[in-house]
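Engineer: One structure, pasted below without further comment.
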Amino acid sequence: MEKEYILATDNKIDLKSLDIDELKECIKGMNEPAFRAKQLFEWLHVKQAGGYDEMTNIPKSLKEKLARDFSFTSLEVVEVQESHIDETKKFLFALSDGNVIESVFMKYRFGVSVCISSQVGCRMGCKFCASTLDGVVRNLLPSEMLDQIYSIARYTGEKIGRVVVMGSGEPLDNYDNLLRFIKLLTDENGMNLGQRNLTVSTCGIVPNILRLADERLSINLALSLHASNDQKRKELMPIANKYSISEVLDACKAYFEKTGRQLTFEYSLVAGVNDTEEDARELSALLSGLNAVVNLIPVNPIKERDFKPTDRSGAVAFKNKLEKSRINVTIRREMGRDIDGACGQLRRRHLQGN
């Protein structure tokens, strides 16, 4: 049976989505020396070349074959917003089919992190998120996830030390492409990012959390929780109509048991909605005894919704209540407050022509 490769939007084999073994098969099929596969993989994933012209030790005849038979994913930078407060940069990239996605570059004391998108848009419908307002257009290919990182590294000249799949889209709704992306990103022959430096965020697709647990990778899992009971979670997150909090937490516990990786629970604080004393009590009871960190995030206001963020003193008070119950808590440092910081805002503004 003929091998099925991942195809790009032009229906050619997607070169940057091939693993090293697949690349070797393709090179062999082109009657080229086997060592060319390793050279190519290095250009794609170590040197992170933006095109065939940069591949100085690849013969012209092979470049011509590759250009004819394969698709080379290289994202086009449409816009870069740079914060005047810190060194955060928000990138808007154009894909080969005309769609646009966004990614964020963040510089911390411990190094550089990049937050990438996994889909064009999102179908999860979370009420406080701009990514989902226009629904999902399509899944991103592994190459398109990788090239967000590679393009940002080329643009900034910085070494990327941590990657978070927490931008537009639900990563576990694009499971197969996500898994291939992870394996390519952490391949010792490629960029070789340590799995412990990769975090995948999910709103709680239970079967795919369990699938990911069975992969027994060492990546970090972050759950978008955002409520302390099912009723409030359903009001904020449609996925909660399918999977209860107890089901989601059981899946997270299974993930921890199989991987040993600490869990993070993302909790967007919405003033007057999920930041009350009762919410803090319920959340403490819910997470008691779990090896986890709660990351409190004052919600980013979007014009299409009336949600307002809990103010700083309210966030600190909520944090203190959780800590009294021995819950590990952080308040997310707001990066790039003066630019379109929330997921989906920059893309949506671009699509609306603003």
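Engineer: How many residues does the range 81-125 contain that are surrounded by 16 or more Cβ atoms within 10 Å (Cβ to Cβ), of a type in the set (A, V, I, L, M) and touching a Lys or Arg at 6+ places or on another chain (Cβ under 7 Å)?
Structural biologist: Going through the range 81-125 one residue at a time, the tally reaches 6.
Engineer: Hey, GLU32 hits all of (1) in contact (Cβ under 8 Å) with a residue 24 or more places away in the chain; (2) assigned to a helix (DSSP H, G or I); (3) among the charged types (D, E, K, R); (4) surrounded by 18 or more Cβ atoms within 10 Å (Cβ to Cβ) but one; which does it fall short on?
Structural biologist: The number of the failed condition is (2).
Engineer: Out of (1) within 28 Å of LYS159 (Cβ to Cβ); (2) touching a helix residue (DSSP H, G or I) at 6+ places or on another chain (Cβ under 7 Å); (3) β-branched (Val, Ile, Thr); (4) free of Cβ contacts under 8 Å to residues at least 24 places away in the same chain, the odd one out for THR56 is which?
Structural biologist: (2)
Engineer: Out of the residues in the range 244-275 that are surrounded by fewer than 17 Cβ atoms within 10 Å (Cβ to Cβ) and hydroxyl-bearing (Ser, Thr, Tyr), state the one that is farthest from ALA213 (Cα to Cα).
Structural biologist: The extreme case among them is SER244.
Engineer: Yes or no: GLU282 in contact (Cβ under 8 Å) with a residue 60 or more places away in the chain, among the acidic types (Asp, Glu) and either surrounded by 15 or more Cβ atoms within 10 Å (Cβ to Cβ) or within 21 Å of LEU133 (Cα to Cα) (or both)?
Structural biologist: On the way: in contact (Cβ under 8 Å) with a residue 60 or more places away in the chain: no; among the acidic types (Asp, Glu): yes; either surrounded by 15 or more Cβ atoms within 10 Å (Cβ to Cβ) or within 21 Å of LEU133 (Cα to Cα) (or both): yes.
Spelling it out, it is not the case that GLU282 is in contact (Cβ under 8 Å) with a residue 60 or more places away in the chain, among the acidic types (Asp, Glu) and either surrounded by 15 or more Cβ atoms within 10 Å (Cβ to Cβ) or within 21 Å of LEU133 (Cα to Cα) (or both).
Engineer: Just give me the residues in the range 195-225 being assigned to a helix (DSSP H, G or I), touching a helix residue (DSSP H, G or I) at 6+ places or on another chain (Cβ under 8 Å) and polar (S, T, N, Q), in sequence order.
Structural biologist: Correct list: GLN195, ASN208.
Engineer: Pull out all pairs, ordered by first then second residue, where Cβ-Cβ is under 7 Å, the residues are six or more apart or on different chains, the first lies in the range 242-260 and is in the same structural domain as ALA213 (by TED's automatic domain parsing) and among the acidic types (Asp, Glu), and the second is assigned to a helix (DSSP H, G or I) and surrounded by 15 or more Cβ atoms within 10 Å (Cβ to Cβ).
Structural biologist: These pairs meet every condition: GLU247/VAL206.
Engineer: Any residue at all in the range 73-91 that is in a strand (DSSP E or B), in contact with a Gly (Cβ under 7 Å, 6 or more places away or on another chain) and more than 30 Å from ASP53 (Cα to Cα)?
Structural biologist: Within the range 73-91, the first condition is being in a strand (DSSP E or B), and the residues that meet it are 76-82, 89-91.
Then drop every residue that is not in contact with a Gly (Cβ under 7 Å, 6 or more places away or on another chain), which leaves 90.
So of that shortlist, the ones also more than 30 Å from ASP53 (Cα to Cα) come out as none.
The answer is no; no qualifying residue exists.
Engineer: Filter the range 11-25 down to residues that are under 24 Å from the mean Cα position of the chain (by Cα) and part of a loop (DSSP other than H, G, I, E, B), then give me how many there are.
Structural biologist: Going residue by residue through the range 11-25, those that are under 24 Å from the mean Cα position of the chain (by Cα) are 13-20.
Next, from what is left, pick out any that are part of a loop (DSSP other than H, G, I, E, B): 18-19.
So the answer is 2.
Engineer: Within the range 63-71, does at least one residue satisfy the condition of being surrounded by 20 or more Cβ atoms within 10 Å (Cβ to Cβ) and more than 18 Å from LYS12 (Cβ to Cβ)?
Structural biologist: no
Engineer: Let me ask something else. Give the number of residues within the range 93-118 that are in a strand (DSSP E or B) and touching an Asp or Glu at 6+ places or on another chain (Cβ under 7 Å). Lay out the reasoning, then the answer.
Structural biologist: First, the residues of the range 93-118 that are in a strand (DSSP E or B): 93-94, 100-108, 111-116.
Imposing the further condition that a residue be touching an Asp or Glu at 6+ places or on another chain (Cβ under 7 Å) reduces the set to 93-94, 107, 112.
The total comes to 4.
Engineer: Output the number of the condition that GLU235 fails; it satisfies all remaining conditions of (1) at pLDDT below 95; (2) outside any helix (DSSP H, G or I).
Structural biologist: All conditions are met except number (2).
Engineer: Now for a separate question. Is one or more of the residues making up the range 132-141 touching a residue at least 60 places away in the same chain (Cβ under 8 Å) and either of a type in the set (A, V, I, L, M, F, W, C) or more than 30 Å from PRO301 (Cβ to Cβ) (or both)?
Structural biologist: There is at least one residue in the range 132-141 that is touching a residue at least 60 places away in the same chain (Cβ under 8 Å) and either of a type in the set (A, V, I, L, M, F, W, C) or more than 30 Å from PRO301 (Cβ to Cβ) (or both).
The values are calculated or read from the model by the stated rules, or taken from the named source; none is laboratory data. This structure is a prediction, so every number in the text was calculated from the model and none was measured. As a convention, Cβ positions derive from the backbone with ideal geometry for all residues, glycine included, and neighbour counts pool all protein chains shown.
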